[in-house]
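The values are calculated or read from the model by the stated rules, or taken from the named source; none is laboratory data. Everything quoted here is computed from the prediction, not taken from an experiment. Using ideal geometry, Cβ is built from the backbone for each residue, glycine included, and neighbour counts are taken over all protein chains shown.
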Amino acid sequence: MSKYDLSQNPFSNANGPCRILSFAQLEQRLGFKLPPSARRFRARWANELGRKAHVQCRAWLAWSYEVAAVNLSQQWVQFRPVGALK
């Protein structure tokens, strides 16, 4: 079991189809700090499929969301429902 396997979807109380969260807001909803690599490497936010998918990606895909955009310098990430218009 992973620390990202949460019983409650962190997006459940957000308004609208897309969720823009600062890294601090995401950490608050998750209940733990993001790893330093999340602040340095865009690849950490990739929407990966299959066995090689990172554990955090499996979590947001399990919640039916995917990363739409990430801004490392401003430290925010935008999630959208899987399959939403791009």
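Of all the residues in region 1-24, those that are at pLDDT below 90, closer than 14 Å to Val70 by Cα and not in a strand (DSSP E or B) number 1.
Filter region 30-42 for residues that are at pLDDT below 90 and over 11 Å from the mean Cα position of the chain (by Cα); which is farthest from His54 (Cα to Cα)?
From region 30-42, those at pLDDT below 90 are 30-32; that's our starting set.
Right, trim to over 11 Å from the mean Cα position of the chain (by Cα) and you get 31-32.
Working: Gly31: 19, Phe32: 17 Å.
Looking at the filtered set, the residue picked out is Gly31.
Residues in region 43-57 that are at pLDDT 85 or above and not acidic (Asp, Glu) were compared, and the one that is surrounded by the most Cβ atoms within 10 Å (Cβ to Cβ) is Trp45.
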